[in-house]
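Enquirer: Dumping the structure here so I can ask a few things about it.
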Amino acid sequence: MSGVMDIVDLTVAYERRPAVHHVSGSFARGSLTAIVGPNGAGKSTLIKTMVGLMHPSTGRVDRHGLGRRDIAYLPQQAEIDRSFPINVADTVALGLWNQIGLWKAINRKGWQRIADALAHVGLEGFGRHPIAALSTGQFQRVLFARLLLQDAPIILLDEPFAAIDERTTADLLAIIHRWHEDGRTVIAVLHDMEQVRHHFPETLLLARELIGWGPTPDVLTEDALRRARAIAQGWTNAHNHSAGHAA
């Protein structure tokens, strides 16, 4: 394997149970890939391990010398504390810390880049708004503006369109396509299969184990999706069986 990031016989356990089981494959440089699968399939676990937030039980992620500043990561909104008293501009400014350092002051050029990023995501003039006052869609636009400033060659997105409106989804998809056109590698955990079919040329179908990885039309077949659902049903049955014995 010789992609921009390779997954080599990766197993990751969560609470002592394998959430990702012996997965191998390669993300090509400049590829646009969706990670899909049933609930509990290990999608978020996989992407967090690729970022370095979780550690493999066995196997490895080969980043080929890429550092943390080379990977921009968007977590699920549910994992972000929006009660913290910070405004929109300062939230977006966090995207610059890899370039200027955490404690250095932002100069006029930096603030202009922040304003430009906000305009790019449709939030011109929102800089002083507290993030707690934003809608879910507006906050996701803020997080995309922060990604724009990070200017990373690899972008990992965990459920970027969850619970946001259609217009925001369309605008953010347009940004993702521009990243792809720029030659960046974009990998996103998604649930909407039609969205994947229309916008993501490559797909990784996961059901804890790898079901398929390659061109989207070849991976998202009825047989492959049926197999993923059957495996997921097997987890449910096994869980209910063990719960019944425990009772």
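The values are calculated or read from the model by the stated rules, or taken from the named source; none is laboratory data. What you are looking at is a predicted structure, and each value in this text was computed from that prediction instead of being measured. Cβ atoms come from the backbone with ideal geometry, glycine included; neighbour counts cover every protein chain shown.
Enquirer: Within the range 15-52, track down each residue that is touching a helix residue (DSSP H, G or I) at 6+ places or on another chain (Cβ under 9 Å) and free of Cβ contacts under 8 Å to residues at least 40 places away in the same chain.
Expert: Within the range 15-52, 52 is the sole residue that qualifies.
Enquirer: Counting only residues that are of a type in the set (A, V, I, L, M, F, W, C) and out of contact with any helix residue (DSSP H, G or I) (no Cβ under 7 Å at 6 or more places or on another chain), which one in the range 212-228 is nearest to residue 202 (Cα to Cα)?
Expert: Checking each candidate, the answer is 219.
Enquirer: To continue, here is another question. Taking into account only those residues within the range 49-70 that are touching a Pro at 6+ places or on another chain (Cβ under 8 Å) and outside any loop (DSSP other than H, G, I, E, B), which is modelled with the lowest pLDDT?
Expert: 70
Enquirer: Follow-up question, since we're still on this one. Give the range 5-20 a look and list any residue that's crowded, with 20+ Cβ neighbours inside 10 Å and at pLDDT 95 or above, or say none.
Expert: 5, 7, 10, 12, 20
Enquirer: Let me ask something else about it. Where in the range 154-243 are there strands (runs of 3 or more DSSP E), lying wholly inside it, with at least 2 residues that are free of Cβ contacts under 8 Å to residues at least 24 places away in the same chain, surrounded by fewer than 20 Cβ atoms within 10 Å (Cβ to Cβ) and not assigned by TED's automatic domain parsing to the domain that holds residue 134?
Expert: 209-215
Enquirer: Do any helices (runs of 4 or more DSSP H) entirely within the range 84-136 hold 2 or more residues that are at pLDDT 90 or above, surrounded by 14 or more Cβ atoms within 10 Å (Cβ to Cβ) and aliphatic (A, V, I, L, M), and if so, which?
Expert: 88-93, 108-120
Enquirer: A further question follows. Pairs, please: C-beta under 9 Å, at least 6 apart or cross-chain, first residue in contact (Cβ under 8 Å) with a residue 12 or more places away in the chain and in the range 59-74, second of a type in the set (Ser, Thr, Tyr) and part of a loop (DSSP other than H, G, I, E, B)?
Expert: Correct list of pairs: 64/2.
Enquirer: Output the number of residues of the range 70-83 satisfying the condition of being loosely packed, with under 13 Cβ neighbours inside 10 Å and hydrophobic (A, V, I, L, M, F, W, C).
Expert: Selection size over the range 70-83: 1.
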